[in-house]
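Structure first, commentary second.
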Amino acid sequence: MRCLSLICLLIISLSAHSAKLPGCSGREAIGDRGVIVERASGSVVIVNSTSQELLCRVEGLGDLSHASMVFSRDEQYAYIFGRDGGLSKVDVLNGRLENRIIQAGNAIGGAISQDGQIIAVSNYEPGGVRLFTADTLTALATIEAKTDAFPEGAKVVGLTDAPENQIIFSLYNAGEIWQASLDNPKKPEIKKYLNIGSLPYDALIAPDGRYYMAGLFGEDGIAKLDLWYPEKGVEKILGDYGKGDKKLPVYKMPHLEGWTFAGDLVFLPAIGHHEVLAIKTTNWELSSRIPLLGQPVFTMARPDARQIWVNFAFPNNKWLQVIDTKSASVIKKLEAGPGVMHMEFTPRGEHIWVSVRDENKVKIYDTRTFELLKVLNVESPSGIFFTARAHKIGL
């Protein structure tokens, strides 16, 4: 009987995945569309954030267990970076796979240049960064992240676009930050910042493009590069930030893309601690510690920066907590469901979409009343990305 039950569950799951969706007609505007990753099946679902409905599914995208994406300037195309080294170009308007290549053995992210012409992909294996044309995914150049200590190439993390048609990234095992100009994409000009700290595991760029900051896993602290004054080099800040004196298990590394800039404070998840740190951007010193119920993964700001929504690593990954940035305190706790993976605000922040992987659901909440508005059936959802990201630095 148990085996029959499992078979029935499998059939139900497959039927749900193959259920026909309305479709992406190609005749509607796409400013309120988004893409949700179905991590277990190598597919994505295209959605409408205004009508809050699933439109169509695009399949055949490979290993999406750690997938991210960026959008073209016109919002029509999503460039999806897969864990298997795949780079896929998906037409969000018409709901189809436009192109797909395998460009490396293990990729973890990417960026699109300021002019929208170049796609950059960061790689774990074989390391380095590869550059492609946005229109045809034609290879332009490879930035081999080779150092004296890693002559075969270092692992690249924290790749992001930057003003003046640049990209910036960190070398995980080499402890360096590299800045590359894409004015000549076939031969990018590289500037290197050495000895920034031990094991930069991820990084972000401030919303205005001024600061690039890499979190350090091998030591406490953050490596900060001020792009207005790059001649000053990399500064180490928050020497007491990180894993701290008490070595707690880290079940899931925080994603630095989820840091929040709000007024003169930046809010970031503390590695291995049940708290979010509030840092003064005037002097880059600790302002306060906000206690939470678990280890935070994403700290996502509502577009007006008045709220921060936080999700957590296992075993507290069924919860969400909401921080009020004015008081720097938790104002709401929500039980969203097992395996909360990612969150995304609608462009003006009235709603937030939450992926609940282990329930195969995406849940939509009102950010003012905290009311659950709608539940969508999505298979093993993880990343949620709205096309409005196309016009934001670092996203």
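Rounded to whole numbers, the Karplus 3J(HN,Hα) couplings from phi for the range 366-379 are 7, 7, 8, 9, 6, 6, 6, 8, 7, 10, 10, 8, 9, 6 Hz, using 6.51 cos²θ - 1.76 cosθ + 1.60 with θ = phi - 60°, and x at Gly and Pro. Residues whose amide H comes within less than 5 Å of that of F386, counting only those at least five positions distant or on another chain, are V35 (H built at 1.01 Å from N in the peptide plane). Neighbour counting of Cβ atoms within 10 Å sorts the residues L216, L395, fewest neighbours leading, into L395, L216. Overall, the ratio between the Cα radius of gyration of the chain and 2.2 N^0.38 Å, rounded to two decimals, is 0.96. Modelled label positions at T281 and D366, each set 7 Å beyond Cα in the direction of Cβ, lie 3.1 nm from each other.
Only the Cβ atoms of Lys and Arg (+1) and of Asp and Glu (-1) were treated as charged; on that basis the dipole of the range 103-251 about its Cα centre amounts to roughly 240 debye.
Rounded to the nearest 500, what is the chain's calculated 222 nm mean residue ellipticity when only DSSP H runs of at least 4 contribute -39500 (n - 2.57) each, over all residues?
Working: 1 runs with 17 residues, N = 395.
Roughly -1500 deg cm²/dmol at 222 nm, from the helical runs in the chain.
Residues S25, S88, S170, ranked from the fewest to the most other C-beta atoms within 10 Å, line up as S25, S88, S170.
Each of Q179, A223, A141 was placed along the dipole of the range 103-251 (beta-carbon charges, centred on the mean Cα), and the one lying farthest toward the positive end is A223.
Shape class for the range 255-368: oblate, because the ratio a/c of the largest to smallest gyration tensor axis (alpha-carbon atoms, square roots of eigenvalues) is 1.5 or more and b/c is at least a/b.
I need the peptides 282-293, 195-206 ranked by packing, meaning the mean over residues of other C-beta atoms within 10 angstrom, with the highest value on top. Please list the in-between numbers first.
Working: 282-293: 14.3, 195-206: 20.4.
Ranking, from highest mean packing down: 195-206, 282-293.
State, as an integer percentage, the relative contact order of the range 103-251 based on alpha-carbon contacts under 8 Å between residues 6 or more apart. Relative CO of the range 103-251 lands at 14 percent. Summarising the amide proton neighbourhood of G175: residues at separation of 5 or more, or on other chains, whose placed amide H is nearer than 5 Å comprise L199. Fewest-first ordering of F385, F71 by other beta carbons within 10 Å of each residue's beta carbon gives F385, F71.
Computed over the chain, relative contact order equals 11 percent, with contacts defined as Cα pairs under 8 Å that lie 6+ residues apart. Listed values for the range 155-169 are Karplus-derived 3J(HN,Hα) couplings in whole Hz (6.51 cos²θ - 1.76 cosθ + 1.60, θ = phi - 60°), namely 6, 9, 9, x, 6, 8, 6, 8, x, 6, 6, 10, 10, 9, 8, and x replaces Gly and Pro. For the chain, a simple Cβ point-charge model (Lys and Arg +1, Asp and Glu -1, everything else neutral) yields a dipole of about 740 debye relative to the Cα centre. Of the residues G116, G349, F81, the one whose Cα sits farthest toward the positive end of the charge dipole of the chain, with +1 on the Cβ of Lys and Arg and -1 on the Cβ of Asp and Glu, is G349. A cut-off of 5 Å between modelled amide H atoms, ignoring neighbours fewer than 5 places along the same chain, links C56 with G23, I46.
The separation of the range 158-221 from the range 267-336, counted between C-alpha centres, amounts to 25 Å.
Along the range 98-109 the Karplus relation, 6.51 cos²θ - 1.76 cosθ + 1.60 evaluated at θ = phi - 60°, assigns HN-Hα couplings of 7, 6, 8, 9, 9, 9, 6, x, 7, 10, 10, x Hz to successive residues, with x for each Gly and Pro.
Every read-out reported here was derived from the displayed coordinates using simple, explicitly stated rules and does not represent laboratory data. From a predicted model like this one, the values you see are computed outputs, not experimental measurements. Ideal geometry is used to build each Cβ from the backbone, glycine not excepted, and the neighbour counts take in all protein chains shown.
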